[in-house]
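The values are calculated or read from the model by the stated rules, or taken from the named source; none is laboratory data. Predicted model, so just to flag it, every value in this text is computed and none were measured. Neighbour counts are summed over all protein chains in view; Cβ atoms, including those assigned to glycine, are modelled from backbone coordinates with ideal geometry.
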Amino acid sequence: MSSTRPRTQRKRLYNATTQERHRLLGAHVDPSLASKSKLSLPRAMPVREGDVVRIMRGSFRGKEGKIVSVDSKKGTAVVEGITIEKVDEKKVPRPIHASNLMIIKMDDTDPWRRRKFEE
């Protein structure tokens, strides 16, 4: 973003279009995965349900799991097996921001993504 003012950045985030929100869901692609592609994959791609990711930042750093759901409004993803315990001892999934994830294995059920990887 061009502005460094927090309120301006928040305003742009809240007023973002669907396409901009999709772009904000980007996570780095594992270099070994990118090297398997005939063409070089982009450095970052939007995460999707079914992708296997590694958490790169935070208290769950180093853990891997499959993405269960993605919230494009907040820019977060829920990873399988990553939960926190609430005060009433109930386990709930912990949403993680997409920028803190690295895609290890992509879900190739989408023809566009498969074509992008195989070209």
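Okay, residues lined up against (1) modelled with pLDDT under 95; (2) not basic (Lys, Arg):
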site	(1), (2)
ARG43	yes, no
PRO46	yes, yes
VAL52	no, yes
ARG61	no, no
LYS74	yes, no
VAL79	no, yes
ASP88	no, yes
How do the pairs read when you match residues in region 4-32 that are assigned to a helix (DSSP H, G or I) with residues anywhere that are exposed (fewer than 12 other Cβ atoms within 10 Å of the Cβ) and hydrophobic (A, V, I, L, M, F, W, C), using Cβ under 9 Å and keeping only pairs 6 or more apart or on different chains? THR8/MET1; GLN9/MET1; ARG12/MET1; LEU13/MET1
Taking ARG54 and the conditions (1) over 23 Å from THR18 (Cα atoms); (2) part of a loop (DSSP other than H, G, I, E, B), which numbered condition does it fall short on, given that it satisfies the others? (2)
For residues that are small (Gly, Ala, Ser) and in contact (Cβ under 8 Å) with a residue 24 or more places away in the chain, scanning just region 73-119, find the one that is farthest from GLY62 (Cα to Cα). GLY75
Yes or no: LYS38 surrounded by fewer than 17 Cβ atoms within 10 Å (Cβ to Cβ), at pLDDT below 90 and touching an Asp or Glu at 6+ places or on another chain (Cβ under 8 Å)? yes
Restricting to region 68-86, count the residues that are over 16 Å from SER99 (Cα atoms) and assigned to a strand (DSSP E or B). 7
Out of GLU49, GLU89, GLU64, which single residue is exposed (fewer than 14 other Cβ atoms within 10 Å of the Cβ) and within 22 Å of THR109 (Cα to Cα)? GLU49
